[in-house]
Amino acid sequence: MNILRINSFEFSIKKLIIVFERRKNMEYFEEFLNKYKVIDLLKTLDIPAYIVDRNRIIKFWNKSAEKLIGYSPEEVIGKSCADNVLKHIDRNEIVVCHTDLCPLSMSMKNEKYFRVPFAVYSLTKKGDRIPVSVYAIPIKDDFGKVIGAIEMFEDATISDEELTRAFEIQQALLPKKDEVVDFVYYPSNVLGGDLIYYKKSWIMLIDISGHGLAAALLSTSIKLMIDSILENNDITLDELPVILEKEAIRICDQNYFTAIIGKLESNKIKVVSCGHPNPIIFDGNNAKIIDVARTFPIGMGFLDSKVKPTVLDLVNNKILFYSDGITELKISKNEMLASNGLARLFEKTQDLRKVYEQAMKNNVDVYQKDDISMILIKQ
């Protein structure tokens, strides 16, 4: 999307917001659209757009949407936006149209417009997947009640191709899953600053301060640093954090990272937390947070002594490492999911993808604000 198109996109949205701010009494959704000529405005825009009511039934579909997606207005009006139209998925192939992750649903739920800060992927009539940038705008009546929403979207193929190449490089750094370790990694904005490390007997989840491209580049440097350090097989877990501290100060340049570090030994795992959330253990019936040996985050200059690790039994137990991106999801205006909430989700299912989906379903923010990573360790 070039600069002129972006400016046009932003200006069109400002015009729509002005229209909504000037709204008066109305009795029916269609009357509102006609009275304030919302449809007339969307018809003039060279930007794909459509309108849904509170139940996400399509009420209007403009020509630009038809040109990009392939469906005519007659084919989609009166249907749910998720019913054979668009079928949005995210980069992790999670279907969002039937969930509260849908941009329109999130806009109506939070009663404000927003731009999805990452591409979602729409399904055309021909069956092709295309990346699109999305704006979702709620429509409110005179009493402030949300009665519908507008979605405006544009083809984001060029920018997506560039991000995809960077994303693929980062994904190539992820370890291979096996019968002992499973994991999920969901960056907040295509590229993330979490690092999942699994090599030989070492398992680590590292959360680098910040996120996005800068954190992603730093995560690559940290992985190479850890690989170099662990070439010495004589390193023990109690001394590794101190060694990481010395090297991190050299390469991180005022950045720091938290880490939970585990080392597998037979049917047990030794664990040390460097400023990272405590792990959760599931014994087949209950999930609970386990306090483990702790020290400072790495790279801040405070970590200068060895830490005796906590030993956890893996027999009949499953252990969850996680970044605080998931525990800091807001489930209400004043409440976060927190580790206790994550433990309740983990108790219901140890399928990490389902844990993530349920956590995001409970999220009241308009999108995922931080990187989310989880590692499942099992016998």
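Give the residue that is most open to solvent (accessible area, probe 1.4 Å), with candidates limited to residues of region 98-111 that are under 15 Å from residue 122 (Cβ atoms) and at pLDDT below 75.
Top of the filtered list is 98.
Against the definition (closer than 28 Å to residue 106 by Cα and in a helix (DSSP H, G or I)), how does residue 163 come out, yes or no?
When the stated conditions are applied, residue 163 passes them.
Tally the residues that are surrounded by fewer than 22 Cβ atoms within 10 Å (Cβ to Cβ), more than 18 Å from residue 224 (Cα to Cα) and touching a strand residue (DSSP E or B) at 6+ places or on another chain (Cβ under 8 Å), restricting the search to region 238-276.
Going through region 238-276 one residue at a time, the tally reaches 7.
So in region 354-379, with the set limited to residues that are over 12 Å from the mean Cα position of the chain (by Cα) and outside any strand (DSSP E or B), which one is nearest to residue 267 (Cα to Cα)?
379
Is it fair to say residue 188 is in contact with a helix residue (DSSP H, G or I) (Cβ under 8 Å, 6 or more places away or on another chain), open to solvent by less than 50 Å² (accessible area, probe 1.4 Å) and among the polar types (S, T, N, Q)?
yes
Spot the failing condition for residue 365; the list is (1) in contact (Cβ under 8 Å) with a residue 40 or more places away in the chain; (2) farther than 16 Å from residue 110 by Cα; (3) open to solvent by 20 Å² or more (accessible area, probe 1.4 Å), and only one is missed.
In the conditions (1) in contact (Cβ under 8 Å) with a residue 40 or more places away in the chain; (2) farther than 16 Å from residue 110 by Cα; (3) open to solvent by 20 Å² or more (accessible area, probe 1.4 Å), residue 365 misses (2) alone.
Could you count how many residues in region 337-355 are touching a helix residue (DSSP H, G or I) at 6+ places or on another chain (Cβ under 7 Å) and surrounded by 15 or more Cβ atoms within 10 Å (Cβ to Cβ)?
7
For region 39-82, which residues satisfy the criterion of being part of a loop (DSSP other than H, G, I, E, B) and within 28 Å of the chain's Cα centre (by Cα)?
Matches in region 39-82: 47, 48, 54, 55, 56, 81, 82.
Could you please let me know if residue 168 is charged (D, E, K, R) and in a loop (DSSP other than H, G, I, E, B)?
Judged against the criteria, residue 168 is not a match.
Which residue out of 167, 153, 143 is surrounded by fewer than 15 Cβ atoms within 10 Å (Cβ to Cβ) and among the aromatic types (Phe, Trp, Tyr)?
Going through 167, 153, 143 in turn, the sole match is 143.
Residues to consider are 158, 150, 169, 139; find the one that is at pLDDT 90 or above and either at positive phi or β-branched (Val, Ile, Thr) (or both).
Going through 158, 150, 169, 139 in turn, just one is at pLDDT 90 or above and either at positive phi or β-branched (Val, Ile, Thr) (or both): 150.
Could you tell me which residue of region 315-339 is modelled with the lowest pLDDT, considering only residues that are within 25 Å of residue 197 (Cα to Cα) and of a type in the set (S, T, N, Q)?
316
Show the residue pairs that are 6+ apart or on different chains and have beta-carbon atoms under 8 Å apart, the first residue being within region 117-135 and under 18 Å from residue 83 (Cβ atoms) and buried (at least 19 other Cβ atoms within 10 Å of the Cβ), the second being among the basic types (Lys, Arg) and modelled with pLDDT under 85.
Short answer, once both residue conditions are applied: 121/91; 122/87.
Here are the criteria: (1) within 20 Å of the chain's Cα centre (by Cα); (2) without any contact (Cβ under 8 Å) to a residue 24 or more places away in the chain. Tell me which single one residue 266 does not satisfy.
(1)
When you scan region 312-332, how many residues do you find that are assigned to a loop (DSSP other than H, G, I, E, B), over 16 Å from residue 344 (Cβ atoms) and open to solvent by less than 40 Å² (accessible area, probe 1.4 Å)?
The number of residues fulfilling the criteria is 3.
The values are calculated or read from the model by the stated rules, or taken from the named source; none is laboratory data. This one's a predicted model, so the numbers in the text were calculated from it and none came from an experiment. Cβ sites come from the backbone with ideal geometry, for glycine too, and all protein chains shown count toward neighbours. Just so you know, the surface numbers come from the protein's heavy atoms only, side chains and all, with ligands and any DNA or RNA stripped out. Shrake-Rupley method; radii C 1.70, N 1.55, O 1.52, S 1.80 Å.
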